[in-house]
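Engineer: Structure provided below as structure tokens; questions to follow.
Only the coordinates and a few stated rules stand behind these numbers; no lab work does. Only a predicted model underlies this, so the values are computations on that prediction, with no experimental measurement involved. Positions of Cβ are backbone-derived with ideal geometry, glycine not excepted, and every protein chain shown enters the neighbour counts.
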Amino acid sequence: MNNFRLPYHLIVQEGIFEQVDKVMADYVPDINNKKAIIVTDGNLQQLFGKLISALQEDFGDSEVYLVQNNYFDDAVALAKYVCMNNIQVIIGFGGGTVLDLAKYAAFVSKSMYLCLPTTLSNDSLASPVAVLGTEGKARKTFKCTIPDAIIVDVNVIMGAPEKQLMAGIGDTISKYTALNDWKLAHTVGNSHVDDFAYMLSKMAFNTICFNEEKELKSKSFIKILTQALVMGGLAMEIAGDSRPASGSEHLFCHALEENYSEQVNVTHGIAVAMGSYVACKLQNRNIEKIIRLLKEYRLPVKPSTWGITEEIFVGAWQQAAASRPDRYTILNEADLSYERLAGFYREMESLF
Ligand SMILES: [Zn+2]
């Protein structure tokens, strides 16, 4: 069985970013005496200057590292800096790009990692993987570990655009098809389904599927979405890889990023939600459930909204499997002819 660890702490509360040192002290009594570094970026520093300065003071005048690029080499350079300067705590403050770099630097330097997300746009806040640049536009998913603590400030999330919450919902909806692809991979001996990880990821999906709070910018919905994203992250940690949260719909998103980044600029969560529509069709499952969810949450999944033409759409699906050849999904079995995929494109254009 894969070895896994759980975060010490998961808090979702209003104004909690002003008390991070206090809540952490319950778990790590001498946390104020540990040397810390806050990882964020220039934009966020402008937006949350006061909060970041307060955090700096709370953690013994800790320094701030501003992320400029999130390449693998940047993460490793930060890890080296952390080790050379005897820093013991890394505080990631930001969205996916910042959090992935902070998370990987903490993993390499074996530091404690506190995750303070400023958006809930995907499950990177709790996942045991980091997506980092390798060379040019190429990016790769690197295995690491989940954070020691995940602290979500409802006030901060409320202040972010609603479309970021929609992306987080999209990443959660995509588990529906990811889980089916995982089962399929299990039947052909390409992967092993861990029942507990499977159940957790299914629960994450169900949390969003059966949610009755439709006001996204409400305290209760922010709690629900955080729970869903964290459950998805824990499922990956238990499984030992991203299979419970990433199937053919994610491969479609990778193919878009790798081959069409000049023409298309769509967020991860929305691209994978778009991917789930087609993946569900390819898996021959009940598409009504996915359509209902995409419509109920008003997710912007009409491909042309994002500059995705019929040619790009079909091209990305036909290249999707190649973006991660070791991962067995429905793409290894389905008919991916131009006509069939173009049909899905036209359906989506008229449905959403
Ligand atoms: Zn995802």
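Engineer: Would you mind telling me which residue in Leu331, Leu99, Leu229 has the biggest mean-square fluctuation in a Gaussian network model of the chain, where springs connect alpha carbons within a distance under 10 angstrom?
Structural biologist: Largest GNM mean-square fluctuation: Leu331.
Engineer: Follow-up question, since we're still on this one. Below 12 angstrom from the Cβ of Asn211, what's the summed charge of the other residues (Lys, Arg +1; Asp, Glu -1)?
Structural biologist: Around Asn211, the surrounding residues sum to -2.
Engineer: When DSSP beta bridges are limited to those with both residues in the chain, what percentage is antiparallel, rounded to the nearest 5?
Structural biologist: Here the antiparallel bridges make up roughly 20 percent for the chain.
Engineer: Using a Gaussian network model of the chain whose springs link C-alpha atoms within less than 10 Å, name the residue from Val12, Val28, Val152 with the highest mean-square fluctuation.
Structural biologist: Highest fluctuation of the listed residues: Val28.
Engineer: In addition: Taking the number of other C-beta atoms within 10 Å as the exposure measure, put Met112, Met166 in order starting with the fewest.
Structural biologist: Met112, Met166
Engineer: My understanding is that a pair violates if its Cα-Cα distance is over 28 Å; which of Lys143/Lys183; Lys175/Lys214; Lys223/Lys289; Lys110/Lys140; Lys143/Lys175; Lys110/Lys163 do that in this structure?
Structural biologist: Those over the limit are Lys110/Lys163.
Engineer: Give, in nm to one decimal, the length gained when the segment between Asn85 and Arg298 is fully stretched (0.36 nm per residue of separation minus the Cα-Cα distance).
Structural biologist: 71.9 nm
Engineer: How far is the Cα center of the stretch 183-258 from the Cα center of the stretch 290-307, in Å?
Structural biologist: 18 Å
Engineer: Give a residue-ordered list of calculated ³J(HN,Hα) values for the stretch 124-134 (Karplus: 6.51 cos²θ - 1.76 cosθ + 1.60, θ = phi - 60°; whole Hz; x for Gly, Pro).
Structural biologist: Here the 3J(HN,Hα) series is 5, 5, 10, 8, x, 9, 10, 9, 10, x, 10 Hz.
Engineer: Kindly rank 336-346, 238-248 from highest to lowest mean number of other beta carbons found within 10 Å of each residue.
Structural biologist: Ranked from most to least packed, the peptides come out as 238-248, 336-346.
Engineer: Please identify, among Gly315, Gly269, Gly189, the residue showing maximal mean-square fluctuation in a Gaussian network model of the chain using a 10 angstrom Cα cutoff.
Structural biologist: Maximum among the listed residues: Gly189.
Engineer: Hey, what number do you get for the chain at 222 nm if only DSSP H runs of n ≥ 4 count, each worth -39500 (n - 2.57), divided across all residues, to the nearest 500?
Structural biologist: Taking each H run of at least 4 residues, the total per residue is -16000 deg cm²/dmol.
Engineer: Which of Gln88, Ser53, Ala271 sits farthest toward the positive end of the charge dipole of the chain, with +1 on the Cβ of Lys and Arg and -1 on the Cβ of Asp and Glu?
Structural biologist: So the residue furthest toward the plus end is Ala271.
Engineer: Same structure, new question: Take the Cα radius of gyration of the stretch 163-351 and divide it by 2.2 N^0.38 Å, with N its residue count; two decimals is plenty.
Structural biologist: Working it through for the stretch 163-351, the quotient is 0.96.
Engineer: Kindly put Leu6, Leu114, Leu179 in sequence by how many other C-beta atoms sit within 10 Å of each C-beta, fewest to most.
Structural biologist: Leu6, Leu179, Leu114
Engineer: Got a sec? How would Ile11, Ile173, Ile330 order by Cβ neighbour count within 10 Å, fewest to most?
Structural biologist: Ascending Cβ contact count within 10 Å gives the list Ile11, Ile330, Ile173.
Engineer: Based on the alpha-carbon gyration tensor of the chain, what equivalent-ellipsoid semi-axes (square roots of 5 times the eigenvalues) come out, in whole Å, largest first?
Structural biologist: Semi-axes, largest first: 34, 21, 19 Å.
Engineer: Quick one: length gained pulling Arg340 to Val193 fully straight, 0.36 nm per residue minus the C-alpha distance?
Structural biologist: Full extension from Arg340 to Val193 adds 49.9 nm.
Engineer: Compute the signed sum of charges (Lys and Arg +1, Asp and Glu -1) over the other residues within less than 14 Å, Cβ to Cβ, of Asn86.
Structural biologist: For residues surrounding Asn86, the net value is +3.
Engineer: Search the structure for amide H atoms under 5 Å from the amide H of Gly247, placed 1.01 Å from N in the peptide plane, and list their residues when 5 or more places away or on another chain.
Structural biologist: Ala178
Engineer: Same structure, new question: Could you tell me the calculated FRET efficiency between Gln68 and Lys143, based on Cβ-Cβ distance and R0 = 35 angstrom, to the nearest 0.05?
Structural biologist: In this case the efficiency is close to 0.90.
Engineer: Under a 5 Å amide H to amide H cut-off, with H placed in plane at 1.01 Å, what residues pair with Val39 once short-range neighbours are removed?
Structural biologist: Amide H neighbours of Val39, under 5 Å, 5+ apart: Tyr65, Ile91, Gly92, Phe93.
Engineer: I need the calculated FRET efficiency for the pair Glu212 and Glu349, taking r as the beta carbon distance and R₀ as 25 Å, to the nearest 0.05.
Structural biologist: Computed FRET efficiency for Glu212 and Glu349 comes out at 0.25.
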